[in-house]
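Report on one structure; see the data block that follows.
Read-outs throughout are calculated quantities, based only on the coordinates presented, and are distinct from any laboratory measurement. The shown structure was predicted, so the numbers you read here are calculated from the model rather than taken from an experiment. Note that each Cβ is placed from the backbone with ideal geometry, even for glycine, and that neighbours are counted across all protein chains shown.
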Amino acid sequence: MIFDSSRRRFLAVGASAAGALLVGWRVQAQDDLPYLGARFQAPQLTDFLRVEADGTVVIGARGCEVGQGVKTDLPMLIAEELDADWNRVRVEQLPYGYVDTDSGPGDRYGDQGAGGDATPAAWAQLRQAGAVARWLLVQSAAQQWSLDPATLRTEAGFVIAADGRKLGFGELAANAATLDAPPNPLPLKDPAQFRLIGKPMRTVDAREVVLGRTEYGIDSYLGNALVAVIARCPYPGGALAALDDAQARQLSGVRGVHVLPGPKPDAPFDGALAAGVAVVADDTWSALRGRDKLKITWKPDPAWAGDSSASLEARAQALLGDDAHAIVVRNDGDFAKAQKAARGNTIQARYQMPLLAHATLEPPSATIAVSRDKVELIAGLHDPAGASRVLQAITGVARDAIDIRLPRAGGDLGRRLHNDFVAEAALVAKAAGKPVKLVWMREDDLQHDFYRPFGIHDLAATLDHRKQITGWSHRVAATPRNWRDERLAGQPAFAGILDADAFPAGLVANLQQWFSALPCGLPRGEFLGGAQAFQAFAAQSFLDEIAHATRQDPLVLRMNLLGAPRMLRPGFDTGRLAGVLRIAAGKIDWQHKPTNGHGLGLACHAGDGAYAAHAFEVSVDGNDLTIHRAVCAVDAGRTLNPLNLQAQVANTTLAAISASLHEAITLKAGQVQQHNFPDYPLLRMRQSPRAMEVHSIDSAADAASVDDCVAASAAPALANAVFAATTVRVRKLPLMPELLRLL
Amino acid sequence: MPDNPFRRTKPEPVPPVAASAREKTVPLRINGKAFFHNGDPDMPLLWYLRDVLRLTGSKYGCGIGECGACTVLVDGKAQHACLLPVKSMAQREIVTIEGLAGDAALHPLQEAWIAEDAIGCGYCQTGQIMAAAALLKRKPRPDDADIDAIPNLCRCGTYPRIRAAIARAATAPVEGKR
C-alpha cells in the first residue's frame, strides 16, 4: 500500500456499483486499522479519479477555482500519468474533504487552498494517483490477455499489447477495481514522455461559464434559503449604539432583523469583521429595501475615530525619522560605513503605497444551512479548512458533519483567504433558524475588507566613484499585516510586507532593511503580489532613479548588479533573472529608444522560485496614459499548461496595472471613503495595454507559482516607463492622480 | 433546485385577482418566453432574473450600472439589469445570456470566447458576451476602438483575450440568421 506517513494518507482503490474503477487518497481515519481499509464502498470515496465503464475518466479538482486555472491544470497531472484521453476526461469539483484521524484533523484530498498547488510535492502526489490507476488497468489487461504486464503500454485511454491488441480503459475498469493497489509508490514518467504536461489546454469548464450555467457562490440555493444582507458598522472597531427596525420589519418580504456582534476587541479577526444588523428576506431586493429602512446609530471606537489618510501619512513619515521603534529586518555589512565612504554620493527617495481593496467582481457570499448536528455551506473559498474551523466554533457542530461545497469563485486576489463572511452567514442562519444566503453588496465589500497595507518606503543608496552601488538602505513604515491575524501570529511585524531576501538583497555588500509598525484600525490582509509587490515597487523604481541620476542604462545597472549567473541562495538564480530581463528588454526593443514621445521602462523580480521581468512602452497625452505595449518574460520552471500560464501572467500584469493606476482606499474621520466603482475605479478595456505579450521560458526546474512575482515587477516597470515618457517620477501610488498632480 | 412557481414556459392566463393586484402584474418576455411578475414592480430586473426566475447567468457586481456584469439585451440593446425596474420592462424583448444562443448550442461569441480561452474567474464573462453581442448587432465588423468602448469591468484582467474573442467572432463567417 502506498502510504504517505507524513500526512497519514494512503492511496486506496475501490469499485462503484456501476463497475467504475475508483482511485483516491484517503486519510487514515480514526476507525481504520493501521494499513487496512484499502478497499471500501464507493459512497465513502469521493475520488480524485474514476474510470467509468464507458471509458469516461472523471477527475476531481480539489482547489476552489478562482480564475487561477487549478480546475484545469491539476487534473492534467493525474491524466498525464494515467495516459488518459484528455477529450474523454471530465473534471468535477471535489467538496472540502475533512476527515477525523487518530492524530487530529486530516485533509482527505490534500491541500485544498486555492493558491495553485504549484509545488513539486503536489505534482508528485497527484501524478501518483494517476500512475496507480494506470498500473491497475495494465494489470487487468495483462490478466485478460495472459501477458506480462511489462510488455504492455498505454496511450490515450487504451492499454495496448505488443501485437497491437487494444483494450479501452472502460472495458478494463471493473476488473481493475478488484485488484489490490501496488505495494510501493510507482515510478513516474520521465518528462520526455509527457503527452499532456506542457501542452496548451483550455479551461475545462469554459462552456458552462460562457453559457451562464456555472454556479458561483452567489448563484447557489439551498432548500428555501432566505436572502440576508447586513448593515455593518462603518467605523473600525465600532459598535451599535441604537437601532430602530420597526419600518424594516413591516416591509413585505422581510422575515427578520438580527443584531450581530462585532469582533472582540484586540482579538484576532476570526469571525465577522464588524458589528452589524442583518435583514433576512424572501429575496435580495426585499432584503435591500429592508436594510435601507433600518435606523441605526453607530458608535465609533475612540481609538480609531480620528484616523485619516493624512494622519496615517504624517505618522508614517514621522516613524521613518525615528529609528528607536524600528525593527531590523536585515543587516548585511555596514551601511553607515558605506555612507561615510560615499562622501555624499548618496541618493534617497520615498515611495508611498495606499491601502487597497480586493474588489473581487463577485463580492463575498455564503449560502448555509445550520442544524443542531449538521452544517451545509456553499461558498467560494480560498481556505475551506479555515471555514470549517470557523463554522465549528460558531455552531458547535463537529467538523466531519460540516459539508462544504466549493463552487467557482468570482475572483480572489487574497480576499477569500478570510472566512469572515462565512462566520456572518452562520450567525445569521442560527439567529433566523433557517438556511440563508448572505450576499455582500459592492459597498459592503469596499467598506469592509482585509486591505492591502498602507506604507511609506524610504530608500537610500550609496555609490562609489565607478557609480557602483555600495550600500542600500530600505526602511519602511507600514500598517503591519500580522495585526489581529492568526495566520501570522508569532511572526514579526513586517511579515507579509517585507521579504528580507527580496532583490537586491545579497547583491549589495552593505544592505539594511528596517521596519516600523504604523497602527491603523482597518483590518489588513494578503493582496495580489503580497510582500513582493509591496517591496518591489519601491526597490525597482529606486533602481531606475539611481540609473538616471548616475547616467547609467537601467538595464545595464540591473545586469551589473546581478553579475555572473549563480545560485545566490536556494530559490534565487541570478542567471535566470538576468535571462528574463534580457528577453523583456529584447522584445520591447530596449536598445532603440522611441523618438515619438513614447517611453520605455522595465523592472524585474524574483520570488517563490519564479522570475519575471516587465517592459512597457507608454505615452502620456493630456490626462491620458496609453500603454502601447506590455511585455512580460517569465521563468517559472516546468510549465504545466502554457495556455494557462500565459493567461495567469497577462491577467496578473493587468490586475497589477489596475491596482497601481487608480485604486486607493482612503480614510477620513475614521471611515473608509470609497463605496463603489466610481470612487474605486478598476482598469477598463480601453485603459489596458494595446498589446500584451507573454514570453515564458520552459525549463526543467521545479514548477513555481508566478503570480506574486509577476505582480511585483509590473507596477514599477510601468512607473519607469511613465518617467521615460514624461520625465516625471511618480513616487506615490495610485499613479494617475499623482502623475496629473505633478505634470 | 425547488420548483419555481413563477416560471412559465408559455403564456398562461392571469388568474382572477383583485383589481389592485392585477394592476401590479407586469407581463414580461424573457428569452422568448412569457412571465408575469406580481411582486414589487420596482424590483430591478437583475433580482427578478436571479432570485425569481433563477436565471443566474446575469451577475451582480455593483448595483449601479458601473461594472456591466448584469448586462442583458433589451430590444437588442445592451442594458444594465441592475438599473431596470421590472415595471419598465413590460412589452420589451429581454434576452439574457441563457437565451443568447437561441436554438443553437452556442452563439458565435460564446464559441469565440471558448476558442480564445477568455475565462479567468469567469464571473464577468457573461456580461462581457452580452455587451459584445449588442455591439455586433449594431456593428457586425467593429474596429478596435468600438471594442475598447465596451465599459464592462474584468477584475482578472482578461481584456486581451476578450478583445481577441470579439475580433474572432466578428470575422467568423456568419451562420444562420445571427
Q) Averaged over peptide A:399-409, how many Cβ atoms belonging to another chain are found within 10 Å of each residue's Cβ? A) 1
Q. Can you give the % of DSSP beta bridges in chain A that are antiparallel, to the nearest 5?
A. 75
Q. So what is log10(I(q)/I(0)) for the range B:108-171 at q = 0.12, 0.20, 0.23, 0.27 1/Å, when the Debye sum runs over its Cα atoms only?
A. -0.23, -0.66, -0.89, -1.27
Q.
I want the local charge near A:Leu643. Using Cβ-Cβ distances under 9 Å, sum +1 for each Lys or Arg and -1 for each Asp or Glu among the other residues.
A. +1
Q: Please get the size of the charge dipole for the range B:108-171, origin at its Cα centre, with Cβ charges of +1 on Lys and Arg and -1 on Asp and Glu, quoted in debye to the nearest 20.
A: 160
**Q.** Proximal charge balance of A:Pro554 [Cβ under 14 Å; K/R count +1, D/E count -1]
**A.** +3
Q: Rounded to the nearest 500, what is the 222 nm mean residue ellipticity of chain A from helices alone, with -39500 (n - 2.57) per DSSP H run of 4+ residues and division by all residues?
A: -9000 deg cm²/dmol
Q. Near A:Lys437, which lysines are there with a Cα under 22 Å away, not counting those fewer than 8 places off in the same chain?
A. A:Lys293, A:Lys374, B:Lys59
Q) Placing +1 at every Lys and Arg Cβ and -1 at every Asp and Glu Cβ, with all other atoms neutral, what dipole size does chain A have around its Cα centre, in debye to the nearest 20? A) 1140
Q | Proximal charge balance of A:Arg629 [Cβ under 11 Å; K/R count +1, D/E count -1] | A | -1
Q: Find the relative contact order for the range A:593-664 and round it to a whole percent, using C-alpha pairs within less than 8 Å whose residues are 6+ positions apart.
A: 21
Q: Please give the peptides A:625-637, A:606-618, A:222-234 ranked by average Cβ packing (other Cβ atoms within 10 Å per residue), highest first, as a rough proxy for protection.
A: A:606-618, A:625-637, A:222-234
**Q.** From the C-alpha gyration tensor of chain A, square roots of 5λ in Å
**A.** 44, 37, 22
Q | When the convex hull of its Cα atoms is projected in every direction, mean area for the range B:19-99 (nm²) | A | 4.7
Q: Have a look at A:Ala489, B:Pro41, A:Ala79 and report the one farthest towards the positive end of the charge dipole of the protein assembly as shown, computed about the Cα centre with Cβ charges (Lys/Arg +1, Asp/Glu -1).
A: B:Pro41
Q. Within chain A, which DSSP H helices have Cα atoms that stretch 24 Å or more along the helix axis and a mean Kyte-Doolittle hydropathy of at least -0.5?
A. A:120-145, A:530-549, A:642-661, A:707-726
Q | Value of relative contact order over chain A, rounded to a whole percent, pairs C-alpha under 8 Å and six or more apart | A | 13
**Q.** Cross-link reach list, lysines versus A:Lys732, counting only Cα pairs under 23 Å and skipping chain neighbours closer than eight places
**A.** A:Lys668
